[in-house]
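Written out below as structure tokens is the structure these notes cover.
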Amino acid sequence: MSTPTAETAGATRQFLSFTLGNEPYAIDIVTVREIIQHGSMTPVPLMPDFVRGVINLRGAVVPVIDLQARFGRGPASPSKKTCIVIVDATRDGERIELGLMVDAVSEVISLDPAHIEPAPQFGGATRRDFIAGMGKRGERFVVLLDPERAFDIGEMAALCEASQLSMAA
């Protein structure tokens with residue numbers, strides 16, 4: 001999550017909320033380019049489970065990341081509500097489009113900074129370093145993901161290389 005500046009400190013922020021399994025998650029809306037229906041994609045050989053394949057998005061090759069598998073829960077089973085959220089990620093200062101396969105997109109939510117708690121220090125179904133905070137929505141919480149860590153292109157590329165090496169051995 002980006003560090004607040006003088007202009008944004010204290011300002012209400014918007015997040016795109018979605019579900020993985022039955023758990024609510026959200027990402028800062030500024031990283032979201034668009035949401036598309038889950039459809040056919042081209043598998044890429046020798047990739048780890050979390051790379052479902054690539055799609056053609058207006059002539060651009062966009063890798064699709066299965067967030068269930070990325071978070072260590074095994075591959076997701078697509079349903080009628082499954083969507084691909086196209087986000088902007090960066091690697092070495094270069095902007096890269098990524099598709100994030102989620103079970104269902106819910107809504108855009110607004111959160112006041114007073115309703116965002118720090119990530120828990122232990123437990124949870126998601127790696128702690130992937131979590132930017134916990135957004136309070138009434139009596140429930142939504143996990144706010146840190147795109148720079150959860151969708152770290154460098155880390156995912158290293159995992160892909162390791163997967164290729166282990167399959168070639």
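The values are calculated or read from the model by the stated rules, or taken from the named source; none is laboratory data. Computed from a predicted model, the values in this text were never measured in an experiment. Note that each Cβ is placed from the backbone with ideal geometry, even for glycine, and that neighbours are counted across all protein chains shown.
Quick one: is SER166 exposed (fewer than 15 other Cβ atoms within 10 Å of the Cβ), at pLDDT 85 or above, out of contact with any Pro (no Cβ under 8 Å at 6 or more places or on another chain) and of a type in the set (Ser, Thr, Tyr)? Steps first, please.
Working: exposed (fewer than 15 other Cβ atoms within 10 Å of the Cβ): yes; at pLDDT 85 or above: no; out of contact with any Pro (no Cβ under 8 Å at 6 or more places or on another chain): yes; of a type in the set (Ser, Thr, Tyr): yes.
No.
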Any idea which of (1) modelled with pLDDT under 90; (2) part of a strand (DSSP E or B) is the one LEU46 doesn't satisfy?
-> (2)
Quick one: which residue in PRO78, PRO63 is outside any strand (DSSP E or B), modelled with pLDDT of 90 or more and surrounded by 13 or more Cβ atoms within 10 Å (Cβ to Cβ)?
-> PRO78
Which residue out of ASP66, ASP103 is farther than 29 Å from ALA11 by Cβ, touching a residue at least 60 places away in the same chain (Cβ under 8 Å) and not β-branched (Val, Ile, Thr)?
-> ASP103
Of the residues that sit in region 26-56 and are surrounded by fewer than 18 Cβ atoms within 10 Å (Cβ to Cβ) and among the hydroxyl-bearing types (Ser, Thr, Tyr), which one is nearest to ILE109 (Cα to Cα)?
-> SER40
